[in-house]
Amino acid sequence: MTEKEDRLQQFRELRTTIRGSETILVVGVDIAKNRHHAFFGGANGKTLWKKLIFDNNIQDFKKLQDMVNNLMARHGLQRCVYGVEPTASYHKPLAEYLIRNKEQVVYVSNVAVKHNRALLDGRWDKNDTKDAANIADLVGQGRCQFYDLAENDVRELRSLLAYRAKLKKQEHALRMRIRNNLLAQYFPELDKQMPQGGQDGLILDIIAQDFSPAQIADIPYETFRHQHNLSKRHIVQEQRLRTIWEASQESVGCNLPASAVWEGKMLVNQIRLTRQIKHELEGQLKEVGKTFPAYHYLLTIPGFGPIVSSMTLAAIGDAHHFTSRKQVLRLAGLDLSASRSGKTSNSAIPVISKQGKVALRYALYQAATIASYKDAAISNYFTRLLKGRELERGIKMKMRIKLAAKLLVIAWTLMKRNEVFDSGYFKT
């Protein structure tokens, strides 16, 4: 049994035995960037030490352990469990230090902390000391999760994916700045031609030069066409360029000042730099992914490209940590839930919980959409799901979500068994 498997077994035992225990010390730690607050209590709700404030350094980490050892000796306790609430990445140094020193660490979800705060005291306000006690109370009830200290390669993958998500947000913010601040004010007709996604090279070229509708209107179309090297562009872009030139003749945009021209150039440069970094990052993701045997199995699933495979691999980590498909579906928020109460309890329609990883759920939906068109076996399966329900509103989206959930379970299965995809999964 590996060290991680041993920790997982200890956690499962803790979940079933901690409530009301007289022999376990529970340490709740409210995490901050530079200074943490700790609360020490029993699993039976008894307060042993109300507050310890310690800094994010090795000396204070040892001070925390010394306090734990003193309290355990003073009260005759046999074991200790530390509970933390994930706050950005600030909790990782402390958690890793404790785990490396053979301490048991669990975490509580942010949602659980929020709801439990009001349950402990209806007038509880939010502060660090009380939040530490709140965390300890949740751990004492067994309402905690296993703290998975992933291997370095998995953490590397997760770090790259987090950076990619930030780059995508940055790119979107830059596009919105161009559309809502520059084009909406100075050339509204150009904004209407802005395509979705990354197919906006022509529009960015126009903005990077001088997108004044008055100046565009003053030159012949052929000159405008030559300026943007249309010979190397698609016919759709030629049609878009002509539409832009014609719109400039009667544009309602304001007069374009030199500062706005400069801002447009800078924003375009930022977008292109962001996309270049994102492209290089995705190449790095592929290289890191290739170091995982499971990555190659995931690539055999229809609709699973390098990005979706990397996201699935990073989210699941060690496939053997999950004991059922329900746990995997909860990871992505694809598990079903319904509000069953009162007269409508029998007719309540379950929907996905959306409590899991949003980015993974979205990526799986896109993979399901592609697979339902590109793979014959999956296309037939999708058709069977729709049979007799074709006219229901939103049924295709619902069935794609169901297909996405099935693809996730298949991915988990392939990772456990070290197998490639078999279309037989969709024949029943």
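Coordinate-derived values only; no laboratory data. Remember, it's a predicted structure, so these values are computed and weren't measured experimentally. Methodologically, a virtual Cβ is constructed for each residue, glycine included, from the backbone with ideal geometry; neighbour enumeration extends over all protein chains shown.
Numbers at a glance
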quantity	calculated
All-pairs Cα distance distribution in region 248-308, expressed in whole percent, bin size 10 Å	17, 26, 19, 15, 15, 8
Most mobile of P293, P220, P93 in a GNM of the chain (Cα contacts under 10 Å)	P220
Protection proxy ranking of 235-243, 296-304 - average other beta-carbon atoms within 10 Å, highest first	296-304, 235-243
Reduced Cα scattering model of the chain, Debye log10 I(q)/I(0), q = 0.06, 0.08, 0.10 Å⁻¹	-0.39, -0.66, -0.93
Degrees, to the nearest 10: 376-386 long Cα axis against longest axis of the chain	80 degrees
Alpha carbon centroid spacing (whole Å) that separates region 297-325 from region 233-262	44 Å
Relative exposure of F292, F39, judged by other C-beta atoms within 10 Å (fewest first)	F292, F39
The chain: most fluctuating residue of K357, K387, K92 per GNM, C-alpha cutoff 10 Å	K387
√(5λ) per eigenvalue of the Cα gyration tensor, region 143-215, largest first, Å	41, 13, 9
Loop-located trypsin sites (Lys or Arg not before Pro) in region 74-154, at most 13 other Cβ atoms within 10 Å (DSSP)	K102, R123, K126
Where only C-alpha atoms are counted, convex hull volume of region 105-186 per residue in Å³	149 Å³
Normalised contact order of region 3-149, rounded percent, pairs of Cα under 8 Å and 6 or more residues apart	31 percent
Order of R361, R272 under a 10 Å beta carbon neighbour criterion, fewest first	R272, R361
Most mobile listed residue (G342, G140, G201) in the chain, GNM with C-alpha springs under 10 Å	G342
Sequence-separation-based contact order of the chain, relative, with Cα cut under 8 Å and 6+ spacing, percent	12 percent
Cα gyration tensor shape for region 1-102, rounded if a/c is under 1.5, else prolate or oblate	oblate
Over the chain: helical MRE at 222 nm, DSSP H runs n ≥ 4 each giving -39500 (n - 2.57), nearest 500	-18000 deg cm²/dmol
For the chain, share of DSSP beta bridges that run antiparallel, in % to the nearest 5	60 percent
Tail weight of P(r) past 22 Å, computed on alpha-carbon pairs of region 308-400, percent	42 percent
Rounded Å value of the spacing that divides the Cα centres of region 395-427 and region 351-367	14 Å
P(r) tail fraction, region 61-145 - alpha-carbon pairs more than 21 Å apart, %	34 percent
Alpha-carbon gyration tensor eigenvalues x 5, square-rooted, for region 155-286, Å	31, 17, 11
For Y381, Y221, order by how many other beta-carbon atoms lie within 10 Å, fewest first	Y221, Y381
